[in-house]
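Every number here is computed from the coordinates shown, using simple stated rules; none is lab data. Treat the numbers as computed from the prediction; the structure is a model and nothing was measured. FYI the Cβ positions are ideal-geometry reconstructions off the backbone, even for glycines, and counts take in every protein chain you see.
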């Protein structure tokens, strides 16, 4: 796992990959920045309404005002992550090709499409939002809120990133073989990359770093089974 992480960090600073990685964060930041600027009053009202339904928290005016103050930043960061992960699906091919050409030299036999990548991302985003709302009361419990966040982020990350990292190179049989094997390692990679999102400044590059980690892991396994 450490070697995988270090290799991915090294590749993140490849000038081509680094410049490509800026696209999602710039697009997502501008998009949500404009939305929050235009609709900030409505967003604050929504936050207050949502908090009012949280047991114990909603009954305290002090807590409501405190959460309202930081809630906008919190929601902005969550939306930034969700949108960035979706946009990565549109540029993943370039990054996966770069890693494959540099290290693994696998032949392209993939079945993946950009449309399928977007559909998978949308499904996981919907699941993430539903679970986030269900687990919202736990966000105010120290330590448990971190565990829940990592769990939710790993759900958001795993399927879309797995697909983007290998679907363009593996055929369907190889894809399913890779998906059903080493499942514990795949979960650990998802959790490890999700944990990096807890570091706000570094977190803006995590969506690319997680793609690099999955790509190294999957392309190496694809080379082994061929």
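Each of 183, 161, 138 was scored by other Cβ atoms within 10 Å of its Cβ. Listed from fewest to most, they are 183, 138, 161. Comparing 210, 177, 45 in a Gaussian network model of the chain where C-alpha atoms under 10 Å apart are linked, the largest mean-square fluctuation is found at 45.
List 88, 143 from most exposed to least, where exposure is judged by having the fewest other Cβ atoms within 10 Å.
Numbers: 88 23, 143 7.
Going from sparsest to densest Cβ surroundings: 143, 88.
Between residue 6 and residue 126, the contour length at 0.36 nm per residue exceeds the alpha carbon distance by 40.0 nm.
Remark: C-alpha extents of the range 106-152 on the principal axes read 48, 22, 8 Å, sorted largest to smallest.
If a spin label sat at a point 7 angstrom from the Cα of residue 108 along the line to its beta carbon, the backbone N atoms of the range 1-43 nearer than 20 Å would be those of 16-18, 20-21.
Sort 213, 86, 184 so that the residue with the fewest other Cβ atoms within 10 Å of its own Cβ comes first and the one with the most comes last. Don't skip to the end; give the middle numbers.
Working: 213 26, 86 21, 184 7.
By the 10 Å Cβ count, ascending, the order reads 184, 86, 213.
Between 49, 153, 32, the Gaussian network model of the chain with springs among Cα atoms under 10 angstrom shows the greatest mean-square fluctuation at 49.
Just need the Rg to Rh number for the chain, please, alpha carbons only, Kirkwood Rh.
Values: Rg = 18.8 Å, Rh = 18.6 Å.
Using Cα coordinates only, the ratio equals 1.01.
A straight chain from residue 195 to residue 116 at 0.36 nm per residue would run longer than the Cα-Cα distance by 25.8 nm. Largest mean-square fluctuation among 216, 105, 149, in a Gaussian network model of the chain whose springs join Cα atoms under 10 Å apart, belongs to 105.
Each helix, a run of at least 4 DSSP H residues, gives -39500 (n - 2.57); summed and divided by the residues of the chain, these come to -26500 deg cm²/dmol at 222 nm.
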